[in-house]
1. Kindly provide the set of residues from the stretch 52-68 that are surrounded by fewer than 20 Cβ atoms within 10 Å (Cβ to Cβ), among the hydrophobic types (A, V, I, L, M, F, W, C) and touching a residue at least 60 places away in the same chain (Cβ under 8 Å), ordered by number.
2. Is it true that Ile363 is under 23 Å from the mean Cα position of the chain (by Cα), on the phi < 0 side of the Ramachandran plot and of a type in the set (Val, Ile, Thr)?
3. Could you tell me how many of the residues in the stretch 324-375 are of a type in the set (S, T, N, Q), without any contact (Cβ under 8 Å) to a residue 40 or more places away in the chain and not in a loop (DSSP other than H, G, I, E, B)?
4. Looking at the stretch 376-445, what helices (runs of 4 or more DSSP H) fall wholly within it and have at least 2 residues that are touching a Phe, Trp or Tyr at 6+ places or on another chain (Cβ under 6 Å), surrounded by fewer than 21 Cβ atoms within 10 Å (Cβ to Cβ) and not assigned by TED's automatic domain parsing to the domain that holds Phe346?
5. Given the conditions (1) modelled with pLDDT of 90 or more; (2) surrounded by fewer than 21 Cβ atoms within 10 Å (Cβ to Cβ), and given that Glu359 satisfies all but one, which numbered condition is not satisfied?
6. Got a sec? Which of Ala317, Ala265, Ala288 is of a type in the set (A, V, I, L, M, F, W, C) and at pLDDT 80 or above?
7. Of a type in the set (S, T, N, Q), buried (at least 16 other Cβ atoms within 10 Å of the Cβ) and in a helix (DSSP H, G or I): is that true of Asn273 in this structure?
8. Quick one: which residue in Arg105, Arg87 is under 23 Å from Ser30 (Cβ atoms) and at pLDDT 90 or above?
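The values are calculated or read from the model by the stated rules, or taken from the named source; none is laboratory data. If you're wondering where the values come from, they're calculated on a predicted model, not measured in any experiment. Cβ atoms come from the backbone with ideal geometry, glycine included; neighbour counts cover every protein chain shown.
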Amino acid sequence: MEDQNLNTENTHGNIQITEGSLWKNIFLFSFPLMLSQLLQVLFNMADVAVVGKFSSAEALGAVGSTTTLVTLFTGFLIGMGSAVNVRVAHHLGAKNKESTASSIRTSFVICLIISCIIALLCLLSAKFILELLETKDDLIDGAVLYFRIYALGMPALGIFNFGNGVLSANGDTKRPLIYLLIAGILNVILNLFFVIVCKMAEDGVALSSILSQYVSVALILIYMGRKDSECSFRFRDLKKGLDKEEGKRILGLGIPAGLQNAIFAIANLFIQNAVNSFDSVMVEGNSAAANADTIIYNVMSAFYTACSTFMGQNRGAGKQKRVLKSYYIGLAYSFIIGAILGSALFLFGREFLSMFANEEEVIEAGLQRTQIMSFSYAFSAFMDCTIAASRGIGKSFAPTVIVIMGSCVFRVAWIYTVFAHFHTIPSLYLLYIFSWVITAIAEIICFIISYKKLDSAK
């Protein structure tokens, strides 16, 4: 009865999480997130396109050389944002205004401190890390310059993920989308200005990125400062003090999530190294095909965020049936979208690859990857959505250990055994579906155990 005859949105225009149809509300919650993720991908592609079109090949190579590092550190900040989302959602569900406000204040300080530490680390160790990654001599100076400038934007990324986590916890995924759209358009305009007009290269692209990031942060903080609701935040609120216990819970969820994202980036270095063992045509083809991974993963991840948010808030509200149902629906949506997009890639892989490569041999090389990955994406939902579900009920450490072992350690072992024996692109990329299935089984078992303990404690 609770799912019937209820409004989809509350008085603030946010998606209802603890009331109404879960199928409808999870989709409406996730749709702006999907658009946000796609916009981010497109804007990143625009960065590369501008520097590649209007600057030099060296500048393009310098920016590309930092991709793994950028993914590693930004992934950690995204993990912290997911922890903020879960904790705030839990307090909102429990309708505890004081705890919600305390969680928001504490989250802000934690995200600010961690992002500043990461920025300082990147500034001081940029050259060392890039040399460790064997960045080409003719690219190292440009890569260091780009990465150090980009690092100055880490505090902005940390605070934006904080704000995004808070607003989405309250069912508002439209507002972050709007701010991302504004910042993204500004980023493209500044890219063109700095590179074409000012004759800058990788430094211009990096500068435009951090300026647009700080604009997005300013917009989200201004909105939260003016908003009169449970999720408002003003700097003067910090005078009320922080909650040490809440801080421990946020770090307990955020650090494992952040480390998981970071370790995935490290594991991908081994995969890229395996790809580099082939000729340049195969490397170029696989680089083109990798764009599909970014798009599909990001679209599917919208439902993972929805899953943890809906589970967290309904858990706080004591609505156990909606907690478990949110997991099932999130899993169903992510599996379906993975299957649809994977099938589309299989059918139109050649057309997709032609957007990034002109040579037929490069496209053929890329097809070797897309034809395998097309049927694999959907299975990743069982792993990633279950991890999100565990975080939604406040469990993060065990799922993170499992995913590191299953999706990282297993992949490295696969490279040095199965791939080393066959040394073909199919034998390399089959590691994804095998690692996803194995890890998913372990994650589901872990979730069942955690959920039963949670249910019995009621």
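1. The one that is surrounded by fewer than 20 Cβ atoms within 10 Å (Cβ to Cβ), among the hydrophobic types (A, V, I, L, M, F, W, C) and touching a residue at least 60 places away in the same chain (Cβ under 8 Å): Phe54.
2. no
3. Of the residues in that region, 2 qualify.
4. The helices (runs of 4 or more DSSP H) meeting that bar number zero.
5. So Glu359 meets the others, but not (1).
6. Of Ala317, Ala265, Ala288, the one residue that is of a type in the set (A, V, I, L, M, F, W, C) and at pLDDT 80 or above is Ala317.
7. Spelling it out, it is not the case that Asn273 is of a type in the set (S, T, N, Q), buried (at least 16 other Cβ atoms within 10 Å of the Cβ) and in a helix (DSSP H, G or I).
8. Arg87
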